[in-house]
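**Q** Dumping the structure here so I can ask a few things about it.
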Amino acid sequence: YRWAVNVSDYTSGTVTMELSSASGSQAGIARVLTVTNGTTAVAEVLSNFAQTGETDVWEEGSWNDADEWPNVVAFAHGRLWPFRRRRVWSSVSDDYFSFDDGTESDRSIQFTLRSKSAEGVRWARELDFLCIGTRNEEYVIRSTSAAEPVGPTTAEPTLQGEEGGAGIEAVIGGDSILFGHRNLRRLMQFAHNPRALSEDSFVAVDLTRLNPETVEDGMVNFAVQGEPERRVYVVTQAGIVKPALFRREEEIMGWGTMTTQGLIEDACVLREADEDVVYFITRRFIGGAGRG
């Protein structure tokens, strides 16, 4: 904007000017706390608005009860990554609470994954790059330019495989990611492709291919113990655990069976100073009634 003053009308003193506009481009953010009626609500202002009056220029946030909330979350590239079906978001770089958009390399990233699966992302983990899996495919999110970091204009999901994963949280096992196959009867390993020249090329390998009957009951969950030896504990739908000694660098994968009085429903590994401690959630039957 430019103001002009006719100097012939003034010989001395100070000219005070004010520009007022009923509209603008400043966007505010508010969190609705309670709704009184169809036109009145109480909200908490998170980012200041340009004016305090009413407006008909607004839109709901991406996450709400009607449009659903993120079902998978991961940390990668210094960002928080929420996923909902095929929709992908990231926070601002090094600020997990901000999702400010823009074209600068540190701003929030948003895009829709071109997946064949309507269910979208089922697991996500960082392994040098952000790796994600859907019911039908595995992807790696990297930058389109080796000289630029992953950002709003450079983030690109590249297809790496079409094995498909189950809705079970993936875990890091050594220098690879372990995830459940979509049929719940295979334990898959997602790692750098040793036969590829590119460092951003990955491949999914079936760790149960030599023992296909190992998880024939279907898996419920699994956990990885790092010390004193790397072991994988796969909890099956039959209430038993299939432990495996896992050494990828030596191509060792030996399976066993663990049972208890009752049913094992889940497994968890907590890291401690000397070795990782494995805990199991079990259901015992006392007087004919199951008790966790």
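**Q** Tell me, which residue of the stretch 245-270 that is open to solvent by 90 Å² or more (accessible area, probe 1.4 Å) and closer than 29 Å to Asn193 by Cα is nearest to the chain's Cα centre (by Cα)?
**A** Glu249
**Q** Could you please give the count of residues in the stretch 271-283 that are exposed (fewer than 15 other Cβ atoms within 10 Å of the Cβ) and of a type in the set (Phe, Trp, Tyr)?
**A** Qualifying residue count for the region: 1.
**Q** So how many residues does the stretch 58-72 have that are exposed (fewer than 11 other Cβ atoms within 10 Å of the Cβ) and either touching a His at 6+ places or on another chain (Cβ under 6 Å) or in a strand (DSSP E or B) (or both)?
**A** 1
**Q** Could you please find all residues in the stretch 125-147 being closer than 23 Å to Phe190 by Cα, open to solvent by less than 60 Å² (accessible area, probe 1.4 Å) and of a type in the set (Ser, Thr, Tyr)?
**A** If the condition is that a residue be closer than 23 Å to Phe190 by Cα, open to solvent by less than 60 Å² (accessible area, probe 1.4 Å) and of a type in the set (Ser, Thr, Tyr), then Thr134, Tyr139, Ser143 are the ones that fit.
**Q** So which residues in the stretch 29-48 are under 32 Å from the mean Cα position of the chain (by Cα) and either hydroxyl-bearing (Ser, Thr, Tyr) or at pLDDT below 85 (or both), if there are any at all?
**A** Hits for the stretch 29-48 are Thr34, Ser47.
**Q** Determine which member of the set Asp94, Asp106 is modelled with pLDDT of 90 or more and at positive phi.
**A** Result of the check over Asp94, Asp106: Asp94.
**Q** Please tell me if Gln237 is within 22 Å of Ile168 (Cα to Cα), at pLDDT 90 or above and open to solvent by 50 Å² or more (accessible area, probe 1.4 Å).
**A** For Gln237, the condition - within 22 Å of Ile168 (Cα to Cα), at pLDDT 90 or above and open to solvent by 50 Å² or more (accessible area, probe 1.4 Å) - is met.
**Q** Next up: Report, by residue number, each residue of the stretch 95-119 that is farther than 17 Å from Ile141 by Cβ, assigned to a loop (DSSP other than H, G, I, E, B) and among the charged types (D, E, K, R).
**A** Asp100, Asp101, Glu104, Lys116, Glu119
Residues are listed down the side, and each one gets a yes or a no for (1) in a loop (DSSP other than H, G, I, E, B); (2) open to solvent by 80 Å² or more (accessible area, probe 1.4 Å); (3) out of contact with any Phe, Trp or Tyr (no Cβ under 9 Å at 6 or more places or on another chain):
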position: Gly38; (1), (2), (3): yes, yes, yes
position: Ala43; (1), (2), (3): no, no, yes
position: Ala50; (1), (2), (3): yes, no, yes
position: Gly53; (1), (2), (3): yes, no, yes
position: Asp56; (1), (2), (3): yes, yes, yes
position: Ala74; (1), (2), (3): no, no, no
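**Q** Can I ask one more? Applying the selection to the stretch 217-234, what residues are open to solvent by 50 Å² or more (accessible area, probe 1.4 Å) and over 13 Å from Leu178 (Cα atoms)?
**A** Asp217, Val220, Glu227, Pro228, Glu229
**Q** Further question on the same structure: For the stretch 153-167: of the residues being of a type outside the set (A, V, I, L, M) and open to solvent by 40 Å² or more (accessible area, probe 1.4 Å), which is nearest to Arg186 (Cα to Cα)?
**A** The extreme case among them is Glu163.
**Q** Of the conditions (1) in contact with a helix residue (DSSP H, G or I) (Cβ under 7 Å, 6 or more places away or on another chain); (2) open to solvent by 10 Å² or more (accessible area, probe 1.4 Å), Ser176 fails just one. Which one is it?
**A** Going through the list (1) in contact with a helix residue (DSSP H, G or I) (Cβ under 7 Å, 6 or more places away or on another chain); (2) open to solvent by 10 Å² or more (accessible area, probe 1.4 Å), Ser176 breaks only (2).
**Q** Please find, among Arg31, Arg2, the residue that is in a strand (DSSP E or B), open to solvent by 100 Å² or more (accessible area, probe 1.4 Å) and out of contact with any Pro (no Cβ under 6 Å at 6 or more places or on another chain).
**A** Arg31
**Q** So which of Arg79, Arg122, Arg107 ends up being surrounded by 13 or more Cβ atoms within 10 Å (Cβ to Cβ) and in contact with a Pro (Cβ under 9 Å, 6 or more places away or on another chain)?
**A** None of the others qualify; the one that does is Arg107.
**Q** Report every pair of residues separated by at least 6 positions or lying on different chains whose Cβ atoms are under 9 Å apart, first residue within the stretch 183-212 and of a type in the set (Ser, Thr, Tyr), second not in a strand (DSSP E or B).
**A** Qualifying pairs under 9 Å: Ser201/Asn193; Ser201/Arg195; Thr208/Arg185; Thr208/Arg186; Thr208/Thr214; Thr208/Val215.
The values are calculated or read from the model by the stated rules, or taken from the named source; none is laboratory data. The structure displayed is predicted, hence computed values, not measured ones. Neighbour counts are summed over all protein chains in view; Cβ atoms, including those assigned to glycine, are modelled from backbone coordinates with ideal geometry. Note: accessible area is taken over every heavy atom of the protein model, side chains too, but ligands, DNA and RNA are not part of it. Shrake-Rupley method; radii C 1.70, N 1.55, O 1.52, S 1.80 Å.
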